[in-house]
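Notes follow once the structure below has been shown.
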Amino acid sequence: MPLYLLVPLFSAILYSLGSIVIKRALKEKVTMDQSFHLSNFVLAAVFLPLLFFETEAIDWAQVWKPIAMGMVFFVANWLTFLSLKKGDVSLVTPLMGTKVVFVAIAVVLLMGQSLSSALWFAAILTAIGIFVMGLGDIKGGSALWFTIIITLGSAACFGLSDVLVSWWAGDFAKLSFLSFSCLTIAICSAILWLFQKCPSLRLNENGRKWAWWGALLVALQALGMGYALSFFADDATGINVVYASRGLWVIVLVVVLGQALGNQEHQQKGKAFWWRVLGTVILTGAIVIAVVDRAKAV
């Protein structure tokens, strides 16, 4: 397996843990807006130091590119927090795996690249696995479908932002591109906060540690994915198929650490949860196919 694929693998584990922790913060009465803004500000704080490690010349005429990418990411992140507020992490996080399909489509439409038949099959198999994960909740009513729709919207926006990182980062200067994109996200968050008439960002005592840890974990996994997509831009789809293993990891973490983290989805959902487990098996197959295919190509 190409060693660079370990980066999205670790990012997937961090994201899964972060999503469970953020869900716990929301249960502890931290509002969605508080957690969302905190996450964006921590993201900027984690990425800004990359400016001091930049070795490439910055093309300031291309500064609109990291700004545009940051705005797309901002929308994607807002939809993610909304879906976590409305739905279970064992459903939302696996559904985010459909980003692989959106990336595959975006790569073809925007970058003119051709994908191997194995990677296309992996992307399609990923989508099937995601569908199976939600099969046990198919009668969940309008709330379920609302969660599914906004999660798919988030996956599409994240897929587009990943392709834009792969496509544009080298035009501006890779590390600076990531820093300016995350600075844009923080600025968008600050503007939204002003339009919301400056709601209090003071977190309650019970939810404070969960919100901060969730924000930090999500920021660190984003750093890993940003690095992978910037420096291995020719394999955006392979990276994202491996990253889709977060659907598997969130299931594992809910079972193993659920009680410690205040998450009882595996006990409350009954058969629906085990449909999600079956979906993770299919998803794992997609990941293996993608990794083997990329190993042959490298």
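All of the numbers you see were taken from the coordinates with simple rules; none came from a lab. A quick note: this is a predicted structure, and the numbers were derived from the prediction, not measured. Methodologically, a virtual Cβ is constructed for each residue, glycine included, from the backbone with ideal geometry; neighbour enumeration extends over all protein chains shown.
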For the chain, the helices passing both cut-offs (Cα extent along own axis of 18 Å or more, Kyte-Doolittle mean at least 0.5, full DSSP H runs) are 6-27, 32-47, 64-86, 117-133, 141-172, 174-195, 271-297
Count of lysine pairs, the chain, Cα-Cα under 22 Å, sep. 8 or more residues or interchain, comes to 28
Grab the DSSP H runs of the chain that are 4 residues or longer, score each as -39,500 (n - 2.57), total them, divide by all residues and round the 222 nm result to the nearest 500 deg cm²/dmol. -26000 deg cm²/dmol
Residues C157, C188, sorted so that the one with the fewest Cβ neighbours within 10 Å comes first: C188, C157
Rounded to the nearest whole number, the Stokes-Einstein translational diffusion coefficient of segment 3-297 at 20 °C and 1.002 mPa s (Kirkwood radius, C-alpha pairs) in µm²/s is 112 µm²/s
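Working out 0.36 nm times the residue gap between E205 and V288, then minus their Cα-Cα distance, what length gain in nm do you get to one decimal?
Contour length minus Cα-Cα distance gives 25.6 nm.
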